[in-house]
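What follows is a single structure, written as C-alpha cells, with notes after it.
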Amino acid sequence: MIELFGATNSSEGRAAKTIIELFKKTFPNLEESEELNIKVFSGAKFHGYQIKDIDCILICQFKSPQRFNPVREVKTKPNEEIEKKEIFIESMVLCIEVKDHDAKFIKFEGTSVQVSYQRNIQSWHDASEQNNKQAHTLKTFFSDEFGRAPWVTNLIYLSSLEESELPRRPHNIITPNIKPRDFFTVICEQSNPYKRANNKTVFSCSPPEFKDKYINSSLFKTNIPTSLDRKKVDAISRKEGFNKAWMNEVGKRLIIFRGSAGTGKTIALLQLANELFEKKGSRTLFLTYNKALVSDISRITMYLGLPSNVDDGGVNTQSSTSFFYSILKSFSLIPDDEDFLKVYDDLINEMQNALTKNLFSNDEIDEVFKNSPNTYAYDYVFIDEGQDWPKEEIQIIKHLFGTERLVVADGLDQLIRGARAEWTFGLKEAERIIFSFDLSLRMKSNLTYFTNQLAKNEGVNIWKLKQHNKIKGGSISLLTGDFYEVLPKLKVFIDEAISNKNKPIDLLMLITHQLAEGLANLKGEKYTLAQSLLECKINPGFLDEYKSKVSSSYDELRMLQYQSARGLEGWTTFLMNFDQFIENQKQVSIKQFESQNITEISKEEYVEEITNRWIMMMFTRSVDTTVIHFQNKNSLIYEKMISYSEKYPDFINID
C-alpha cells in the first residue's frame with residue numbers, strides 16, 4: 001500500500017511521486033500487495049523543533065525483505081565488509097530536501113550542495129547542512145514519540161539537474177532521472193546495511209521491536225482544523241476584511257495596525273503575509289514576545305500550508321526572545337558562561353549601542369547576514385503585540401531590516417511590558433501609515449457591550465470597540481470557592497462548547513503563578529486530580545517548555561498563566577482565582593511604580609490604571625463565554641462583578 005500525505009501538488013509532492021515510481025519499478029508486483037507499505041509526507045511541519053519544515057519524508061516497510069542488486073560496491077556494518085551482489089530491504093526512513101533551483105544557482109563544494117537565493121540579501125546557502133539538520137529534527141521527533149529514533153537516510157533532490165551534472169559518487173544527491181538500482185544503491189551508501197550472521201546483507205531502519213512503530217507515527221495523522229481555527233483560516237484565505245491598500249503600502253513605509261483587543265489585527269497580519277507569499281513568494285518573519293501565541297500562529301500557518309524556509313518563502317513565527325538570541329549569537333555577543341535570560345537586557349543594550357555608534361561596519365553586518373540566512377533572509381518583518389516593545393529592541397529591528405519592511409500590530413489597551421513603544425519615532429509623516437481597527441471581530445455582542453461599559457465606568461479612556469451586528473449573544477458566569485472544588489462545575493461549560501462544534505483546544509483556562517506552581521509536576525497528585533475533576537486532558541502551557549509547542553491533540557484544554565494570555569482567544573475562557581490574580585498584579589504595579597520614580601500620577605492612580613488594563617485584557621479573550629472564578633466573595637473585584645451582574649442579569653450569571 002502506498003499513501004501520500006501533505007502538499008501532493010507542490011514541488012515536494014512531485015518529487016515524492018517520482019521517488020515512489022522508483023519503488024514501483026524495482027518491486028513491480030508489490031504496489032497493491034500487503035507486503036509493501038509506503039507512506040510519504042510532502043511539506044511536513046515540525047513546530048517547536050530546530051527545523052520547522054521538511055520537504056519530503058518517506059517511510060517504507062516490507063513484511064518480508066525484498067532484494068535488489070546494487071550498481072556499486074557497498075560497505076556493510078559492523079565490519080565494513082563489501083557487498084557486491086544483493087541487498088535485502090526491510091525498512092527505511094528517508095528525509096529528502098527538494099531544490100528546484102536552476103543549474104546556475106547551484107554549486108558543489110566537494111559533495112556538499114550550495115544554492116543561491118535572493119531576498120533582502122544575496123548569498124549561498126548550504127543545502128547539505130540544512131538536510132542534516134532536517135534529519136536530526138526527524139530523529140528527535142521520533143525519539144520524543146517512541147523513546148528511540150530510527151536510522152534516517154537524508155537525500156538532496158535537485159529537480160533541474162541531470163545525473164551527469166553531479167559530482168562523482170558516493171554522495172546523497174539525486175535527480176529526477178536517477179535509475180532505480182542506482183537510487184537504492186545511494187541509500188545504502190549513505191546508511192550502510194548490516195551483514196548478518198547468516199551472511200545476508202539487510203537494510204533496516206530499526207531493531208525488530210520497533211518494526212511497526214515509525215510507519216504508524218502520529219506524523220501521518222490528519223489534522224483537521226477545529227471550528228475556531230477554521231474561521232481564522234477562512235478569514236485569511238477568503239480575505240475577509242482585507243484592505244488592498246495594505247499591499248500597496250507594504251515595503252514602502254512603516255505600516256501600523258492599531259486597535260483594541262479582538263479587532264482582528266493578528267488576522268490582518270496573517271492575511272497580508274499570506275498574500276505576499278501567494279503573489280510574490282515572500283518570506284515574512286512573524287514576531288511576538290508571547291510564546292503561547294507562537295503556538296497558535298504556527299497552527300494557523302500550518303493549516304494554510306505556508307512554508308517558512310529561506311528557499312520557499314512563507315511565514316516563520318518566532319518569539320521575540322528567541323529571535324534576539326539568534327541575533328546576539330550571530331554577532332558573537334553572548335558569553336559562553338552566562339545565563340542568557342539573566343543578562344538579556346544588558347546584551348540588548350550592548351547590541352543597540354553598537355549599531356547606533358556604528359561599531360559594526362556595513363561589510364561586517366553584510367557578512368553576518370550572509371552567514372546566517374535563516375536569521376536574516378526575510379523580505380518583511382511583522383510584529384504582533386508591538387505596543388510595548390522596549391526602544392532598544394525596536395532600534396535593533398529598524399537598523400537591521402529598515403522601517404519600510406516592518407508591519408506592526410499596536411494594541412491600544414494592552415500595555416504590560418512598560419511605556420508605549422515608539423515605532424514612529426524619528427520618522428517623517430510620509431514614512432509611516434496607520435490603519436485603525438475598531439470593530440469587534442472576536443467577542444459576541446453581549447461581551448463587547450459589557451467591556452465597553454466596564455471601560456467607561458473604570459475610566460479606560462483609550463478603549464474603542466464597535467459591536468459587530470452579526471455576532472449576537474455571549475455570556476459571563478461567576479463562580480466562587482476553592483479551585484479544585486470548582487473544577488467539576490466547569491464540565492458543563494466544556495460540554496456546551498463541544499456541542500457548538502468546538503474542541504477542548506479551542507478553550508482557554510488562565511491560572512495564577514501560585515496555581516501553576518502546584519500543578520507543575522505533571523505526574524503529581526494535583527495535576528492528575530485537575531484532569532480527573534475536569535474530565536478533560538490539559539495542555540500544560542503554564543510550563544515554559546510547553547508554551548510554544550503546537551499541541552498534537554485537539555482534546556486538550558489549554559491551561560496557561562495569565563501573563564501569557566495577550567493575543568490569545570478561546571471560545572470559552574476560564575479565569576481561575578481571578579481575585580488572586582488581581583492582587584498579584586497590584587503588588588507588581590506597586591513595585592514598578594516605586595522602582596521607576598513616577599511623578600506624573602499618584603501610586604494609587606498608577607496601580608488602578610495598570611490593574612484595569614489587565615482586567616480589560618482578560619475580559620476580551622472569549623468569543624462566546626467568560627467564566628470568572630473567585631476564591632473570596634469579600635474581594636473587591638468580586639463585589640464589583642456582582643454589581644455588574646445586577647445591572648446586566650440577562651447575560652451575567654451567578655453560581
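Close amide-amide hydrogen proximity is noted between Thr317 and Phe286, each under 5 Å apart and 5 or more residues distant or on a separate chain (H modeled in the peptide plane; Pro and chain starts excluded).
Annotation: lysines with alpha-carbon distance below 27 angstrom to Lys342 (same-chain offsets under eight excluded): Lys291, Lys329, Lys357, Lys391, Lys398, Lys547, Lys549, Lys586, Lys591. Of the beta bridges in the chain, as assigned by DSSP with both residues counted there, near 30 percent are antiparallel. Entry note, the stretch 560-654: relative contact order of 43 percent, from Cα contacts under 8 Å with a spacing of 6+ residues. Under 5 Å between amide hydrogens, built in the peptide plane, is the criterion, and for Val408 it picks out Ile255, Ile256, Phe257, Ile383 among residues at least 5 positions away or on other chains.
Centre-to-centre, using Cα atoms only, the stretch 46-107 and the stretch 598-637 are separated by 57 Å. The magnitude of the dipole of the stretch 1-40, with charges of +1 and -1 set on the Cβ of Lys/Arg and Asp/Glu and taken from the Cα centre, is near 240 debye. Across q = 0.22, 0.24 Å⁻¹, the stretch 479-575 modelled as identical point scatterers on its alpha-carbon atoms has Debye log10 I(q)/I(0) values of -1.27, -1.54, in the order of the q list. The peptide list 239-249, 96-106, put in order of mean Cβ contacts within 10 Å with the highest first, becomes 96-106, 239-249. When the charge dipole of the stretch 1-124 is built from unit charges on Cβ atoms (+1 for Lys and Arg, -1 for Asp and Glu) and taken about the Cα centre, the candidate among Asn79, Pro65, Cys95 whose Cα reaches farthest toward its positive end is Cys95. Give the angle, between 0 and 90 degrees and rounded to the nearest 10, that separates the Cα long axis of helix 227-237 from the longest principal axis of the Cα atoms of the chain. Once rounded, the angle reads 80 degrees. Within the stretch 334-416, what whole-number % of the accessible surface is contributed by carbon and sulfur, with the 1.4 Å probe and all protein chains included in the calculation? So the carbon and sulfur contribution to the accessible surface is 42 percent. Normalised by the number of residues in the chain, what is the relative contact order in percent for Cα pairs under 8 Å and 6+ residues apart? About 12 percent, as a whole number. Among the protein heavy atoms of the stretch 600-640, carbon and sulfur supply 46% of the accessible surface, probe 1.4 Å, non-protein parts ignored.
Towards the positive end of the charge dipole of the chain, with charges on Cβ (+1 Lys, Arg; -1 Asp, Glu), say which of His399, Ile300, Thr175 has the farthest Cα. Comparing the listed Cα positions along the dipole, Thr175 ranks first. For the stretch 221-312, the Cβ-based charge dipole about the Cα centre amounts to some 200 debye (Lys, Arg positive; Asp, Glu negative; other atoms uncharged).
Please work out the average accessible area per residue across the stretch 242-288, using the 1.4 Å probe convention, and give it in Å². Counting only protein heavy atoms, the per-residue value for the stretch 242-288 is 30 Å².
For the chain, a simple Cβ point-charge model (Lys and Arg +1, Asp and Glu -1, everything else neutral) yields a dipole of about 1560 debye relative to the Cα centre. Listed peptides 54-67, 578-591 appear in the order 54-67, 578-591 once ranked by packing, highest mean of other Cβ atoms within 10 Å at the front.
Of the peptides 211-218, 71-78, the order by per-residue mean of other Cβ atoms within 10 Å, starting with the highest, comes out as 211-218, 71-78.
For the stretch 446-454, backbone phi angles converted through the Karplus equation (6.51, -1.76, 1.60; θ = phi - 60°) give residue-by-residue couplings of 5, 5, 5, 4, 4, 5, 5, 5, 4 Hz, Gly and Pro being listed as x. The apolar share of the surface of the stretch 57-168, taken as the fraction of accessible area on carbon and sulfur atoms (1.4 Å probe, ligands and nucleic acids excluded), comes to 41 percent. Taking a quarter of the surface of the Cα convex hull of the chain gives a mean projected area of 32.5 nm².
For Asp53, nonlocal amide neighbours, meaning residues 5 or more places apart or on other chains whose placed amide H falls under 5 Å from its own, are Phe46.
Within the stretch 518-617, the proportion of Cα pairs with more than 15 Å between them is 69 percent. Helix 265-280 versus the longest principal axis of the chain: what angle, 0 to 90°, nearest 10, using Cα atoms? Helix 265-280 and the main axis of the chain meet at about 30 degrees.
Taking the helices alone, the chain has a mean residue ellipticity at 222 nm of -11000 deg cm²/dmol, built from -39,500 (n - 2.57) per DSSP H run of at least 4 residues and averaged over all its residues. Normalised per residue, the accessible area of the stretch 27-177 is 45 Å², obtained with a 1.4 Å probe and no contribution from ligands, DNA or RNA.
The values are calculated or read from the model by the stated rules, or taken from the named source; none is laboratory data. What you see is a predicted model, and the numbers here were worked out from it, not measured in a lab. Note: ideal-geometry Cβ built from the backbone for every residue, glycine included; neighbour counts use all protein chains shown. Surface areas here come from the heavy atoms of the whole protein model, side chains and all, with no ligands, DNA or RNA. Shrake-Rupley method; radii C 1.70, N 1.55, O 1.52, S 1.80 Å.
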